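I have placed the structure first, in the form of structure tokens, so that the comments after it can refer back to it.
The values are calculated or read from the model by the stated rules, or taken from the named source; none is laboratory data. Remember, it's a predicted structure, so these values are computed and weren't measured experimentally. Virtual Cβ from ideal backbone geometry, glycine too; neighbours counted across all protein chains shown.
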Amino acid sequence: MVLAREVGLGTGHPQGPNLFTFHTMPLRRRPATYVDTPRGIFTDAGNWFRTREAWVADYAQGVIERKSLGHLLADAEIWMRSPQTLALWALLPMVYFMPPVWALVSCISVFATWKLVGPAMVSRTAMPILRIMDSVLVQASAFVVALSVAAAQSRFAIVGTCLGAFIALRWGLPEIVLRPVLRPVLRRWYRLPASDHVLRAFIIRSALHYGVTLTDFAAIERNIVQGLEKK
């Protein structure tokens, strides 16, 4: 039986990936809970990484000795959510200085643009602030303040726009709607699936940070690509 592990905490419990978990993402750094299967790694947030735990251990042992795979996966998941995170935070100032329709269009543009370029922009330096921005508690607090101010000013168009956008982005509706357009572009731009590209980038940047040499770096990419070609 494959166990879901909370890597770094030394605990494990039998469970599968919960594809519908609505995470509050506490500000303290916690490792991702995941299962390692023959098809790849699945996390309880519903993300699928085509790599395997053993593959990462083979070529990045020096990295995961310093930063567990669970923490690397957690960072990758936060980065993968960054399109919706940045779109939410961009909406707040835009909705006060633009008509609601244009604010929504701009918000979706931020989402789509970062969805495409974000995998190539992975940064360990940005993670502390991104973790704060990613927190649902922090996001909800900011939107409550914005909604309260708008309601006090009788600007109900802003209230409706913010509330609708918050719900839509938190539940991933823009990604569902834009997926047929964005997915072909992502496949042309990146050899690996976006999740694996982001995880690989965090491993590389961690190796540089810790002064670790990665062994047989291309092996994990070959394994993933071969798995995709078998489909």
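Here are the numbers:
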{"quantity": "Qualifying residue in the range 111-131 (condition: basic (Lys, Arg), within 18 Å of the chain's Cα centre (by Cα), within 24 Å of Tyr34 (Cα to Cα) and part of a helix (DSSP H, G or I))", "calculated": "yes"}
{"quantity": "Checking Pro17 against (1) assigned to a loop (DSSP other than H, G, I, E, B); (2) out of contact with any Asp or Glu (no Cβ under 8 Å at 6 or more places or on another chain); (3) surrounded by 12 or more Cβ atoms within 10 Å (Cβ to Cβ); (4) modelled with pLDDT under 90, the condition it does not meet", "calculated": "(2)"}
{"quantity": "The range 132-154, residues that are under 20 Å from Ala168 (Cβ atoms) and not in a helix (DSSP H, G or I)", "calculated": "Ser135"}
{"quantity": "Residue in the range 96-107 that is surrounded by 13 or more Cβ atoms within 10 Å (Cβ to Cβ), small (Gly, Ala, Ser) and part of a helix (DSSP H, G or I) present", "calculated": "yes"}
{"quantity": "From Leu169, Leu163, residue being assigned to a helix (DSSP H, G or I), modelled with pLDDT of 90 or more and farther than 23 Å from Trp79 by Cβ", "calculated": "Leu163"}
{"quantity": "Search result, residues across the range 174-219 that are of a type in the set (D, E, K, R) and not in a helix (DSSP H, G or I)", "calculated": "Arg191, Asp216"}
{"quantity": "Residue within the range 127-141 that is touching a helix residue (DSSP H, G or I) at 6+ places or on another chain (Cβ under 7 Å) and among the charged types (D, E, K, R) present", "calculated": "yes"}
